[in-house]
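Read-outs: derived from the displayed coordinates by stated rules, not from any lab. Note that the coordinates shown come from a computational prediction; the quantities given were computed from them, not determined experimentally. Every residue, glycine as well, gets a Cβ built from its backbone with ideal geometry; the counts of neighbours run over all protein chains shown.
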Amino acid sequence: MRNRLLLAAATAAALLGSLIGSGPAGATTNPPPNPIVTINPSDTQAQILAKAAQVTPTARQLAWQREELTGFVHFGPNTYTGSEVGNGTESPNLIQPTSLDTDQWANDFKNAGFKKVILVAKHHDQLLLDVPPDQSGRFDAADEAALAGFGQKISSTFATDLARGATASNDAGTAGTAGNDPANVVDGDDSTAWQQAATATTIGYQRLVQLPSPVTTSKIRLRITGSRSLPAAIATVGLYYDGRVADLAAGTTATQSSNTQPGGDAAHAVDGNTDGDFFDGSVSHTGDDADAWWQTDLGSSQAIGSIALWNRTDCCSNRLSDYWVFVSDNPFTTALTPRQQAAQSGVWSNHQTGQAGTPTALNVGTTGRYVMVQLSGTNYLSLAEVQVFSPADDFSISAGQPMASVPAGTGTTSTITTANTLGTAGNVALSVSGLPAGATASLTPATVTAGGASTLTIHTASTRRHRQRPHRSGPAEHSPGLDLRQGRLTTPWPPIWLSR
């Protein structure tokens with residue numbers, strides 16, 4: 001999976017381009033809602049477009065858009081007959097749930113981030129996201145877990161807007177426009193517009209655009225290259241990081257067993273585009289070769305956490321079946337069969353007997369410079385994309401000595417050692433919690449780069465007060481806990497989000 005820049009925009013623009021940063025926030029006065037305009041029979045196309053650009057949502061319509069997710073529950077006779085569409089003659093006595101639990105439905109929808117649920121009395125028996133109740137009246141445990149995971153992913157991805165509070169600016173040509181305040185797009189308020197234009201149509205409440213590769217930057221620019229009628233308005237720009245990492249294979253040098261298919265260049269599988277339609281120009285294609293292969297050179301040995309293969313989708317998806325994936329620090333001998341390749345020293349291999357998906361993700365956990373995909377037998381090999389990802393950043397931590405007991409009025413030290421175990425070494429912020437009354441702790445330094453060390457010092461008070469008793473000295477038992485988190489010096493920008 002990759003870092004993405006998600007762009008979400010509600011704007012009058014028909015075409016989007018890039019994004020900016022610089023300038024203080026300020027308040028603007030928004031025009032009243034204008035949900036309806038009258039089209040006269042004599043209106044020209046230009047007049048109709050101008051009127052369409054003046055349509056803006058009411059507060060109620062905007063509130064409905066902000067709900068974003070609505071669930072539909074289809075639970076009725078078809079649940080028990082197994083029919084796709086009922087004929088209306090089924091007996092209502094068919095409906096005999098043994099464990100009906102509508103609270104479970106509601107809780108699962110809520111956990112998945114849904115704002116509203118509609119119970120359909122008579123319709124096709126399915127539930128949005130293909131999660132229907134069973135005949136007992138409950139969601140299956142696997143479906144329940146899938147809904148919870150869906151909600152957690154959405155919540156975690158969009159929990160932090162990396163653009164919130166950034167400075168913003170626009171080109172000098174629009175700086176004098178009435179109501180213009182570039183900072184409105186990063187104020188987190190989708191009722192304020194970057195350039196106030198009452199005559200604007202929207203291309204969606206939240207327009208999400210995923211960039212094919214990660215971006216690390218201090219400035220983002222949004223450029224509108226076309227508008228249907230009046231000047232475009234941007235209400236909100238948001239930046240979100242979905243936790244994905246960089247694709248090591250994007251833009252690398254790829255080759256394949258043959259190049260007999262026009263438009264099927266090997267480079268198409270590392271162009272950053274997962275579109276599986278061959279005729280869109282982003283799918284590799286070999287000839288009908290024996291043990292057809294495709295490979296790429298990452299340029300140097302890299303720590304590889306996973307590989308994702310994207311299959312062709314417009315046809316012939318079954319061709320990418322019974323295939324092997326190889327990783328090596330040394331160039332492959334392409335004349336070998338897959339089984340011979342897998343037997344070579346230093347080669348990581350994975351044999352997939354089924355059909356590849358969109359994507360099929362494989363955990364790797366090794367280093368390598370060369371990545372190969374090879375079919376078993378004779379067939380065409382087509383790949384929409386091959387993505388190679390670094391392992392997620394991680395670190396370990398250990399104490400130089402156990403903390404057993406510390407006499408009152410004294411102190412002790414321990415060396416806290418960290419190690420970078422995966423990915424790039426980031427900052428590790430150290431803190432101490434769980435100390436009893438009268439004990440203090442310090443860490444020098446309190447922040448280290450993974451792989452560094454810190455000294456933990458614990459001091460105890462010389463006396464302790466007990467109820468109804470005089471002061472006394474004695475040993476104090478301490479089991480301090482360490483609350484650790486890994487920081488980041490730089491933040492990759494995926495998700496750019498624009499919305500109205």
Amide H proximity to Asn34 below 5 Å, modelled H, separation 5+ or other chain, gives Thr56
One finds, for Ser321 and Thr413 with R0 = 60 angstrom and r their Cβ-Cβ distance, a FRET efficiency to the nearest 0.05 of 0.50
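Order these peptides, 371-384, 432-445, 99-112, by their mean beta-carbon neighbour count within 10 angstrom, highest first.
Numbers: 371-384: 22.4, 432-445: 13.7, 99-112: 16.6.
Ranked by mean Cβ neighbours within 10 Å, highest first: 371-384, 99-112, 432-445.
Please say if segment 314-422 is rounded, prolate or oblate, where rounded means a/c under 1.5 for a ≥ b ≥ c the square roots of the C-alpha gyration tensor eigenvalues, and otherwise the choice is prolate for a/b larger than b/c and oblate otherwise? Don't skip to the end; give the middle numbers.
Numbers: a/c = 4.57, a/b = 2.95, b/c = 1.55.
Prolate shape, in that a/c is at least 1.5 and a/b is the bigger ratio.
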In order over segment 37-46: 3J(HN,Hα) from phi, Karplus 6.51/-1.76/1.60, θ = phi - 60°, whole Hz, x for each Gly or Pro, gives 10, 8, 9, 8, x, 8, 5, 7, 4, 5
